[in-house]
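The values are calculated or read from the model by the stated rules, or taken from the named source; none is laboratory data. Quantities reported herein were computed from a predicted structural model and do not represent experimental measurements. In this analysis, Cβ positions are derived from the backbone assuming ideal geometry, glycine residues included, and neighbour counts consider all displayed protein chains. Accessible surface is based on the protein model in full, side chains and every heavy atom, while ligands, DNA and RNA are left aside. Shrake-Rupley method; radii C 1.70, N 1.55, O 1.52, S 1.80 Å.
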Amino acid sequence: MTLKDYLKSLRGKHVAVTGIGVSNRPLLRLLLDAGIDVTACDRKGREALGGLAEELEADGCKLRLGEGYLEGLDHDVIFRTPGLHPRFLEAAKARGSVITSEMEVFFDVCPCPILAVTGSDGKTTTTTITARLLQAAGYTVHLGGNIGHPLLSEAPSIQPTDWAVVELSSFQLLTMRKSPQIAILTNLAPNHLDIHTDMEEYIQAKAAVLAYQTPSCTAVCNWDNEITRELSNRTAGKVLYFTRNSDKIPPQGCFLREDAIWFRGEDGERAVLPLADILLPGDHNVENYMAAICAVNGIVPDDSIRTFARTFSGVEHRIELVRTRHGVRWYNDSIASSPSRTIAGLRAFPEKVTLIAGGKDKGVSYAPLGPVINDHVKLLILCGATAQAIREATVCAANYQGLEIVEVPDYSAAVALADQHASEGDVVLLSPASTSFDRFQNFEERGRVFKEFVMALPKE
């Protein structure tokens, strides 16, 4: 089915789109331009939408705004925004509405192979590396999904010989009924439990990336993660594993030997990428490369992988070097919205760092973070709603030996305090271990605010 065919099937039907955020605006424009009867639904009021409300209405869109925006929905088709749990649309589904999403329709109409990445940590970096490797091999790549770029409206321009590389969140996967030709599961740990009903639902959502694969598909799974290793049994396709444990060699996939990433396949073993060629810091980025190498094996030449790794400096807000001032390196790891992500960030540095952390709770335990903070941090600066929880995890850890912990009201004070304490050779790392929603719209805004304060420090 083409996108044109799908849009034609919606004519004469009443369609609702939940959420009028940035990611859904291309979808609204696509539907309105096709002459579809569209109702846009959002918890925000008219004032919060500003001129967008008038713009949509001028184009023929109906609006349902405010707290009761989901009440009584009975449209023929409802597009669920990823952040809205399907349980909030159960009544509409019972009344006969078809519940779908921008990504689900994209999977139906995309004419080229789809490579999808999901997991608790490392999704965006792995997605970006994989897409860039395919580009280096000469392919036209369409990068999107949870990484922040909707792809559905671009489907007519995609050719069968292209690749679509998408990052998928657990929220997107909750209602997916198709799987990609190549799927990567980076790892799984407790995450988003403030929205998912429990850890089991979170795992089952992630499992959907494998559940509908066919024997011609490939799944790439983390051999060192017990959950992803177990989920690898859910695919009908070929499974490639990756492991950072040098004592293990998976049946097929990537492993470490002689300070290099090796690949074992049906035709034997070969060295692919020396670790010294990887510009990105941290063992977790070694895993990200392993996952990507498995995914593009036989598609991207090894020489292209090595050339790329020597120059790729990372993705914004992911252990991003913001500035070196007076010999002090300032890093922005605002993407770290969970303890496991901050743990990986701390382990990326050989020296002890000044850590700025805290934000909104997402229903996960901070206990595993405490011992790592004590091992890897010389000064802990906390702000935000989870400051006390992170403090308690640190102080209650068995290896606590009086680490200095300071709570501050905001990032301006955090940066100023870190600057006062830092000396040449030090590292200051923003890695919140919490979501941004206590003070910011998203982790990108949080990272930008932090960078602005760092760049505002005087040169002298």
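Dipole orientation for the chain: of the candidates 304, 81, 113, 113 has the Cα lying most toward the positive pole (charges on Cβ; Lys, Arg +1; Asp, Glu -1). Rounded to the nearest 20, the size of the Cβ-charge dipole of the range 208-338 about its Cα centre is 260 debye, with Lys and Arg at +1 and Asp and Glu at -1. Taking 0.36 nm per residue of separation and subtracting the Cα-Cα distance, full extension of the segment from residue 323 to residue 347 would add 6.6 nm.
For residue 74 and residue 303, the difference between the fully extended length at 0.36 nm per residue and the C-alpha to C-alpha distance is 77.0 nm. Rounded to the nearest whole Hz, the Karplus-based 3J(HN,Hα) values (6.51 cos²θ - 1.76 cosθ + 1.60, θ = phi - 60°) of the range 419-436 follow the sequence 5, 5, 8, 6, 9, 3, x, 7, 10, 10, 10, 8, 8, x, 6, 8, 6, 8, with x at glycine and proline.
At a Förster radius of 56 Å, what calculated FRET efficiency corresponds to the Cβ-Cβ distance of residue 245 and residue 48, to the nearest 0.05? Write down the numbers at each step before the final one.
Details: r = 50 Å, r/R0 = 0.88.
With a Förster radius of 56 Å, E is 0.70.
I need the shape label for the chain. Rule: rounded when a/c is under 1.5, else prolate if a/b > b/c, else oblate, with a, b, c from the alpha carbon gyration tensor. Because a/c hits 1.5 or more and a/b fails to exceed b/c, the chain counts as oblate.
Atom-type composition of the exposed protein surface of the chain places 49 percent of the accessible area on carbon and sulfur (1.4 angstrom probe).
Counting DSSP beta bridges with both partners in the range 204-261, what percentage is antiparallel, nearest 5?
Working: 2 of 9 bridges.
So the antiparallel bridges amount to about 20 percent of the total.
Put simply, the amide H of residue 377, placed in the peptide plane, has neighbours under 5 Å in 353, leaving out anything fewer than 5 places away on its chain.
Using a 1.4 angstrom probe on the protein heavy atoms only, line up 223, 163, 330 by accessible area, largest first. All intermediate terms of the calculation are to be shown ahead of the outcome.
On the way: 223 60, 163 30, 330 0 Å².
If we order 223, 163, 330 from most to least accessible, we get 223, 163, 330.
Placing unit charges on the Cβ atoms only, positive for Lys and Arg and negative for Asp and Glu, gives the range 274-352 a dipole magnitude near 360 debye about its Cα centre. Solvent exposure of the range 1-62 amounts to 52 Å² per residue of accessible area, where only protein heavy atoms count and the probe is 1.4 Å.
When only alpha carbons are used to place a centre, the range 219-239 and the range 152-180 end up 21 Å from one another.
Spin-label model, residue 93 to residue 200: label points 7 Å out along the Cα-to-beta-carbon direction sit 1.7 nm apart. Annotation: lysines with alpha-carbon distance below 21 angstrom to residue 13 (same-chain offsets under eight excluded): 4, 62, 93.
Averaged over residues, the count of other Cβ atoms within 10 Å places the peptides 339-345, 92-98, 413-419 in the sequence 339-345, 413-419, 92-98, highest first. For residue 81, the amide hydrogen comes within under 5 Å of the amide hydrogens of 18, counting only partners 5 or more places away or on other chains and with H modelled in the peptide plane. Output the antiparallel fraction of DSSP beta bridges having both residues in the chain, as a percent to the nearest 5. Antiparallel bridges: around 25 percent, rounded to the nearest 5. Think of the chain as a dipole: +1 on every Lys or Arg Cβ, -1 on every Asp or Glu Cβ, centred on the Cα centre; then among 15, 222, 327, 15 lies furthest on the positive end. In the chain, helical runs assigned H by DSSP with n ≥ 4 each contribute -39500 (n - 2.57); averaged across all residues and rounded to the nearest 500, the mean residue ellipticity at 222 nm is -9000 deg cm²/dmol. Close amide H contacts of residue 142 (hydrogens built in the peptide plane, cut-off under 5 Å, sequence separation of 5 or more or a different chain): 163, 164, 165.
Looking at the square roots a ≥ b ≥ c of the eigenvalues of the Cα gyration tensor of the range 214-317, which shape do they give, rounded for a/c under 1.5, prolate if a/b is larger than b/c, or oblate?
Details: a/c = 1.56, a/b = 1.46, b/c = 1.07.
Because a/c hits 1.5 or more and a/b exceeds b/c, the range 214-317 counts as prolate.
Working note: Karplus 6.51/-1.76/1.60 with θ = phi - 60° gives the range 117-130 the couplings 10, 9, x, 7, 9, x, 4, 5, 5, 5, 4, 5, 4, 4 Hz, where Gly and Pro are set to x. Since only 289, 6, 242 are under comparison, the one whose Cα sits farthest along the positive direction of the charge dipole of the chain, derived from C-beta charges on Lys, Arg, Asp and Glu, is 6.
Tell me, what is the per residue accessible area of the range 250-341 in Å², probe radius 1.4 Å?
Values: 3550 Å² over 92 residues.
Ligands and nucleic acids excluded, the figure is 39 Å² per residue.
Using R0 = 25 Å, the C-beta based FRET efficiency linking residue 441 and residue 67 works out to 0.80. Spatial offset of the range 389-436 relative to the range 53-92 amounts to 42 Å, using the alpha carbon center of each.
3J(HN,Hα) along the range 87-97: 4, 6, 10, 5, 5, 5, 5, 5, 7, x, 5 Hz, from the Karplus curve 6.51 cos²θ - 1.76 cosθ + 1.60 with θ = phi - 60°, whole Hz, x for Gly and Pro.
When the Cα gyration tensor is reduced to axis lengths a ≥ b ≥ c, the ratio a/c is 1.5 or higher for the range 341-460, and with a/b not above b/c it is classed as oblate.
Placing +1 on each Lys and Arg Cβ and -1 on each Asp and Glu Cβ, with no other charges, gives the chain a dipole about its Cα centre of roughly 500 debye.
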